[in-house]
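Throughout, read-outs are computed from the coordinates displayed, never taken from laboratory work. Worth saying up front: this structure is predicted, and the values here are computed from it rather than measured. Glycine also receives a Cβ, built like all others from the backbone with ideal geometry; neighbour counts cover every protein chain displayed.
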Amino acid sequence: GIQVEQSPPDLILQEGANSTLRCNFSDSVNNLQWFHQNPWGQLINLFYIPSGTKQNGRLSATTVATERYSLLYISSSQTTDSGVYFCAVDNYGQNFVFGPGTRLSVLP
Amino acid sequence: EPEVTQTPSHQVTQMGQEVILRCVPISNHLYFYWYRQILGQKVEFLVSFYNNEISEKSEIFDDQFSVERPDGSNFTLKIRSTKLEDSAMYFCATIPDSYNEQFFGPGTRLTVL
């Protein structure tokens with residue numbers, strides 16, 4: 001089955017810093033989503049982005065499907081951005097394969 | 001904006017007991033999924049459901065698990081005889097049709113004692 005890797009596994013930032021999270025996948029995909037898991041365990045959908053670039057406030061994402069990776073950019077990070085960020089992909093099998101996540105800690 | 005809801009938010013049960021986790025999908029969505037996340041680990045696919053039958057299941061989804069849509073609205077996951085290792089967060093997700101964005105519910109935290 002498709003493999004999903006995320007890097008870095010852990011990231012510690014000072015408030016106000018920018019960061020880039022990466023997701024690599026081993027096969028072509030028809031769906032890719034980025035999630036933020038909050039301290040209560042809920043999965044918050046950030047982007048549905050099988051290809052192209054999207055922006056939502058301080059967050060943006062780019063997926064280059066032909067090169068099998070996606071990037072999540074967080075600018076001017078805030079303490080509320082802390083948590084685990086997951087990339088999940090679907091390669092025409094309809095169910096998602098999640099990556100292992102990037103744990104982000106934003107320090108005040 | 002319509003959303004997927006799940007009940008209960010937290011369930012505590014004794015080992016060997018049966019539990020039923022409930023999900024109310026977004027109306028007019030056709031595909032339904034259950035995922036599991038053991039504490040500190042990644043989210044894993046359990047089962048997908050379409051047209052009142054299982055369309056795909058993982059090796060985790062063994063005979064102690066079952067899913068159904070009993071009344072056309074709720075989508076349930078039943079664990080017949082819970083084990084300690086079933087303690088996890090269980091997420092329901094739905095999509096309107098194939099190859100589309102998945103909408104996740106807030107999850108049910110299951111604790112098996």
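If I go through region A:35-69 residue by residue, how many of them are small (G, A, S) and over 21 Å from A:G16 (Cβ atoms)?
So the count comes out to 4.
Please enumerate the residues belonging to region B:54-82 that are in contact with a strand residue (DSSP E or B) (Cβ under 9 Å, 6 or more places away or on another chain) and of a type in the set (D, E).
Hits for region B:54-82 are B:E56, B:E68.
In region B:7-20, what count of residues is obtained for those that are within 14 Å of chain A (Cβ to nearest Cβ) and either touching a Lys or Arg at 6+ places or on another chain (Cβ under 6 Å) or surrounded by 21 or more Cβ atoms within 10 Å (Cβ to Cβ) (or both)?
1
For region A:11-108, which fully contained strands (runs of 3 or more DSSP E) count at least 1 residues that are away from every other protein chain (no Cβ under 14 Å) and either over 11 Å from the mean Cα position of the chain (by Cα) or more than 30 Å from B:F61 (Cβ to Cβ) (or both)?
Per the criteria, A:19-25, A:52-56, A:59-64, A:69-74, A:102-107.
Residue under question is A:G1, and the condition is that it be under 24 Å from B:M89 (Cβ atoms) and not in a strand (DSSP E or B); does it hold?
So A:G1 fits the description; yes.
Kindly indicate the residue of region B:61-80 that is in contact (Cβ under 8 Å) with a residue 12 or more places away in the chain and of a type in the set (G, A, S) and also nearest to A:N95 (Cα to Cα) among those meeting that condition.
Looking at the filtered set, the residue picked out is B:S66.
Evaluate region A:72-84: report whether one residue or more is within 20 Å of A:N30 (Cα to Cα), in contact with a strand residue (DSSP E or B) (Cβ under 6 Å, 6 or more places away or on another chain) and either of a type in the set (D, E, K, R) or surrounded by fewer than 17 Cβ atoms within 10 Å (Cβ to Cβ) (or both).
no
Being under 13 Å from B:A88 (Cα atoms) and among the aliphatic types (A, V, I, L, M) is the filter; apply it to region B:30-55 and report the residue that is farthest from the other protein chains (Cβ to nearest Cβ).
Result: B:I38.
Identify, from the list B:S27, B:S58, the residue that is within 13 Å of chain A (Cβ to nearest Cβ) and farther than 24 Å from A:N38 by Cα.
Only one candidate passes the filter, namely B:S58.
For region B:71-113: of the residues being facing chain A (nearest Cβ under 8 Å) and among the small types (G, A, S), which is farthest from B:V24 (Cα to Cα)?
B:S98
Would you confirm, using the coordinates I've provided, whether B:R36 is among the basic types (K, R), surrounded by fewer than 15 Cβ atoms within 10 Å (Cβ to Cβ) and in contact with a strand residue (DSSP E or B) (Cβ under 8 Å, 6 or more places away or on another chain)?
It is false that B:R36 is among the basic types (K, R), surrounded by fewer than 15 Cβ atoms within 10 Å (Cβ to Cβ) and in contact with a strand residue (DSSP E or B) (Cβ under 8 Å, 6 or more places away or on another chain).
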